[in-house]
Structure formats: structure tokens, C-alpha cells
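What follows is a short report on a single structure.
Just so it is clear, none of the values below were taken in a lab; they were calculated from the coordinates. None of the values given here were measured: they were computed from a predicted structure. Note: ideal-geometry Cβ built from the backbone for every residue, glycine included; neighbour counts use all protein chains shown.
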Ligand SMILES: *Cc1c(COP(=O)(O)O)cnc(C)c1O
């Protein structure tokens with residue numbers, strides 16, 4: 001019997017990075033230069049990135065996690081201190097608090113943008129509260145003015161892993177009071193494979209982080225084998241090995257040149273998704289305040305499972321089995337094993353609601369119109385079948 005050849009099902013991955021000839025040339029240039037570690041490329045990327053996000057200072061590091069960790073160390077947060085943060089984030093936002101021996105305090109999020117609720121932060125302040133970590137979730141700015149008011153003189157660390165292109169009330173956010181941490185992980189809006197950046201308008205903080213990121217060596221120790229010959233260096237504090245190096249920076253500089261066209265493409269995809277899912281009452285999508293600019297990093301959808309015959313995990317399986325890559329951003333970190341057992345956090349109804357209902361569909365600039373259409377069709381069919 002002649003059967004027709006099986007239709008090859010092309011699966012759509014959750015993310016495809018945009019790496020082209022320019023990126024390959026940039027990396028090749030560094031490989032040929034003979035200088036592979038932290039150097040001129042890193043300095044140039046720091047300057048260009050600071051300008052783009054509107055900050056006075058930028059310090060290149062290995063990851064957003066490293067930037068957050070160094071900021072906590074630089075602010076002197078340690079044992080006996082409390083740090084208030086959101087459970088709707090990646091685990092490293094919490095892990096860094098554990099790294100410095102402080103106690104994380106979870107505050108609930110706002111239902112619309114899923115960013116930390118300033119009123120709940122206020123309720124959870126104690127004399128031990130040393131800092132707040134806020135996340136601009138999915139690229140939507142957190143309630144910046146209210147958070148600054150509530151935090152008072154305590155520093156806020158802004159987790160900007162999703163938020164390179166974000167603007168709050170028309171303003172860029174890289175230089176907000178406190179410190180901002182960015183990620184260039186493989187799936188983020190621009191990527192260096194792995195990488196991160198700390199930005200701030202506070203020159204003293206930037207200097208401290210610069211020393212801490214490379215073994216606690218005296219400033220500019222990376223120049224110790226430079227053209228002007230060997231120089232003695234000193235260890236000022238027992239620092240970390242978190243420095244960004246030039247291969248990453250060269251990639252990052254190339255990606256940064258393309259950041260706005262990539263952002264516009266994601267905005268276009270988001271508008272299509274918004275239009276399509278507005279027709280499905282069982283789905284709730286994120287709303288961006290008209291005065292703000294989202295970086296459009298993720299497209300999470302909330303399934304109102306109380307109106308459906310399927311759980312989020314069943315819907316997730318369905319969508320995935322039809323060849324669409326998905327993610328979950330996020331199951332509240334207060335429900336993850338370590339944090340659940342250690343803190344048993346309560347009183348987070350919105351985070352709990354999100355934890356069991358959220359699912360993220362693909363959103364990246366290399367998506368074709370056909371792929372966008374397919375995601376919409378599959379999600380629509382799966383939801384309609386679960387009514
Ligand atoms: C990706 C991510 C991080 C961690 O970034 P790395 O660069 O991988 O350390 C931190 N916070 C949030 C919200 C993230 O999405």
C-alpha cells in the first residue's frame with residue numbers, strides 16, 4: 001500500500017535568537033585581536049548600554065543574577081536583614097537574597113501588570129527591611145513612583161531582566177534611584193549567550209560593584225597586562241569572579257544596534273495576539289498603561305480555568321503536543337520547594353492565582369507571520385475545545 005509521506009510537523013520553538021553575520025564578525029574580531037577577557041569591547045558596551053537605558057554608569061557582569069548579588073553586597077545587605085520582593089519572578093531574584101544571608105519577604109503582585117504591589121510592600125516593611133527588589137515583569141514597568149515613596153531611604157534594586165527597552169511615564173529607567181540589573185541570557189531581548197549589566201546613576205555604587213565583580217581588585221586591574229606594561233594591583237575586598245569579557249561585549253554591542261527594530265517587531269506580534277485573544281473570554285492578557293512603554297519581552301496568558309474544563313497543565317500539554325513551544329512565567333517562587341519549606345509564605349492571593357493559570361507563548365522578532373498565525377490558531381482551538 002502506498003501511504004503518502006508523513007507530513008513533517010515543524011515545531012515552533014519557544015525562542016529563536018537573531019544571530020547574523022554582524023554578530024559572527026564581531027566575535028571573530030575579538031578572537032583575532034588577542035585580547036579575550038575584559039577589555040575595550042566591554043568598556044565600549046558599558047558606555048553604549050548606559051546611554052541606551054539612560055544611566056550614568058554601567059558595569060558589565062556575567063549575568064543579571066551576578067548584578068543583583070553584587071548590588072546586595074555593595075549595599076551591605078546581610079544576615080538579620082529583610083528584603084521585600086515579588087514571587088512572580090525568576091528564582092534568581094530570590095536566590096541572591098539567600099546568598100547574602102538575608103531573609104526574603106514576599107509581597108503580592110497587582111492583578112493587571114503582575115508587578116509588585118506597592119501597598120503590600122508597605123504593609124510588610126519592618127525595622128529590619130534593608131532593601132526592595134522590584135521586577136518590571138514581562139517588560140511592563142513596575143509602579144516606580146509609588147515604590148520609591150514606600151521604600152523611602154531604603155534602596156530599590158530593579159530587576160530589569162525583561163526591561164531593556166521599557167519606559168516609565170515616557171522616561172527611560174536605567175538610572176532610577178538604586179541599582180538596575182539587566183540580563184543578556186540566550187532568550188532575553190538582546191543576548192550575549194550569558195551576560196548581564198548593572199546600571200546606576202550612583203557613582204560610588206558603580207565603583208564598588210566594579211571592584212567586587214573582579215576579585216575585589218583595585219580599579220581597572222584588568223589593565224594590569226596592558227600596553228603600558230605590568231602594574232601592581234591590590235586586593236581591596238574578597239570580591240567575586242563576575243566580570244563580563246570581550247567576546248560577550250562584542251556580541252552585545254552588535255545586538256544593541258538592532259534593538260529598536262527587534263522591539264518594533266515584537267510590538268507588532270503583541271498587537272496581533274491582543275486582537276486575537278480579546279475574542280476569548282477565557283483568556284486574560286497583560287495590559288500596558290498608555291503612558292508607559294513595555295519592552296514586550298514575554299507574552300504570558302492567564303487561563304481563567306474556573307471557566308474551563310481543563311487545568312493550565314493540561315492546556316499546556318495540548319498546545320505543546322501541537323508543536324508550539326511554551327514557557328511558564330512564573331509559578332510563584334514562594335511555591336518552589338526550597339522557599340515553600342523554609343518560609344511557608346501566606347497572603348499572596350494574586351500570585352497564587354497566577355501560579356496555576358499562567359502560560360507563555362512564543363514572542364521573538366524572528367517569528368514569521370505564519371508562525372504567529374499558527375500560535376493564535378492553536379491557542380484558540382485548544383481553549384474552544386476546553387469550554
Ligand atoms: C532571566 C531572569 C533573571 C536572570 O538572568 P541571568 O542573566 O540568567 O542571571 C533574573 N530575573 C528575571 C526576572 C529573569 O527573567
Check your understanding: Normalised by the number of residues in the range 294-387, what is the relative contact order in percent for Cα pairs under 8 Å and 6+ residues apart?
Key -> 45 percent
Point to revise | Cα pair distances exceeding 22 angstrom across the range 130-203, given as percent | key: 19 percent
Exercise for review: Sort the range 38-135 into rounded, prolate or oblate with this rule: let a ≥ b ≥ c be the square roots of the eigenvalues of the Cα gyration tensor; rounded if a/c is under 1.5, and if a/c is not under 1.5, prolate when a/b is larger than b/c, oblate otherwise.
Suggested key: prolate
Check your understanding: If you average the sequence gap of Cα pairs under 8 Å that are 6 or more apart and divide by the length of the range 207-349, what percent do you get for the contact order?
Key -> 13 percent
Study note, to complete from the structure: To the nearest 0.05, the calculated FRET efficiency linking residue 304 and residue 18 through their beta-carbon distance, R0 being 30 Å, is 0.35
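Rank these for me by crowding, 200, 305, going from fewest to most other beta carbons within 10 Å. Numbers along the way, then the final one.
Numbers: 200 28, 305 18.
The most exposed by this proxy come first: 305, 200.
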Practice item. Quickly estimate the mean residue ellipticity at 222 nm for the chain, helices only: each DSSP H run with n ≥ 4 gives -39500 (n - 2.57), and the total goes over all residues, rounded to 500. Key: -11000 deg cm²/dmol
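Given the convex hull of the Cα atoms of the range 56-110, what is a quarter of its surface area in nm²?
For the range 56-110, the mean projected area of the Cα convex hull comes to 4.5 nm².
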Revision key, fill the gap. The distance between the Cα centres of the range 278-322 and the range 10-59, in whole Å, is 32 Å
Revision key, fill the gap. The computed P(r) of the range 338-387 puts the percent of Cα pairs beyond 16 Å at 63 percent
Check your understanding: Name the residues of the range 50-66 whose amide N is less than 15 Å from a point 7 angstrom out from the Cα of residue 171 along the C-beta direction?
Key -> 53-56
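If a/c stays under 1.5 just call it rounded; otherwise compare a/b with b/c (prolate if a/b is bigger, oblate if not). Do that for the range 189-344, with a ≥ b ≥ c from the square roots of the Cα gyration tensor eigenvalues.
prolate
Going by a ≥ b ≥ c, the root eigenvalues of the Cα gyration tensor, does the range 310-373 fall in the rounded group (a/c under 1.5), the prolate group (a/b larger than b/c) or the oblate group?
Prolate.
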Exercise for review: Express the relative contact order of the chain as a whole percentage, based on alpha carbon pairs under 8 Å and six or more residues apart in sequence.
Suggested key: 22 percent
Review point. Using r as the Cβ-Cβ distance of residue 313 and residue 272, and R0 as 22 Å, what FRET efficiency do you calculate, to the nearest 0.05?
Key: 0.25
Revision key, fill the gap. Against the 2.2 N^0.38 Å rule of thumb, the C-alpha Rg of the range 193-239 sits at a ratio of 1.29
Revision key, fill the gap. In nanometres, the difference between 0.36 nm per residue of separation and the alpha-carbon distance of residue 128 and residue 48 is 25.1 nm
Check your understanding: How much length is gained on full extension from residue 241 to residue 145, taking 0.36 nm per residue of separation minus their Cα-Cα distance?
Key -> 31.1 nm
Exercise for review: Using a 10 angstrom cutoff on alpha carbons, build the Gaussian network for the chain and name the most mobile of 60, 152, 196.
Suggested key: 152
**Study point:** Tilt relative to the chain, helix 64-74 - C-alpha long axis, 0 to 90 degrees, to 10
**Key:** 40 degrees
Check your understanding: GNM, the chain, Cα, under 10 Å: largest mean-square fluctuation among 143, 210, 290?
Key -> 290
Exercise for review: For each of 105, 361, count neighbouring Cβ atoms within 10 Å of the residue's Cβ, then give the residues from fewest to most.
Suggested key: 105, 361
Point to revise | Overall dimensions of the range 109-159 by Cα: Rg and Dmax, Å | key: 10.4, 31
Review point. What fraction, in whole percent, of alpha-carbon pairs in the range 274-340 exceed 20 Å separation?
Key: 43 percent
Review point. With axes computed from alpha carbons, what is the tilt in degrees of helix 40-53 against the longest principal axis of the chain, rounded to the nearest 10 within 0 to 90?
Key: 60 degrees
Check your understanding: When you count, for each residue, the other Cβ atoms within 10 Å and take the mean per peptide, how do 372-379, 38-45 rank with the highest first?
Key -> 38-45, 372-379
Point to revise | Alpha-carbon Rg/Rh ratio, for the chain, with Rh computed the Kirkwood way | key: 1.00
Point to revise | Share of alpha-carbon pairs per 5 Å distance bin for the range 31-79, given as whole % | key: 4, 18, 19, 22, 18, 10, 6, 2, 1, 0
Check your understanding: Given a Förster distance of 35 angstrom, what is the FRET efficiency for residue 344 paired with residue 381, based on the Cβ-Cβ distance and rounded to 0.05?
Key -> 0.30
Check your understanding: Remind me, what semi-axes does the range 148-254 give for its equivalent ellipsoid, largest first in whole Å, using sqrt of 5 times each Cα gyration tensor eigenvalue?
Key -> 28, 20, 11
Review point. Simple spin-label model, 7 Å along Cα-to-Cβ: residue 56 to residue 36 in nm?
Key: 3.7 nm
Review point. What is the order of 329, 136, 69, fewest Cβ neighbours within 10 Å to most?
Key: 329, 69, 136
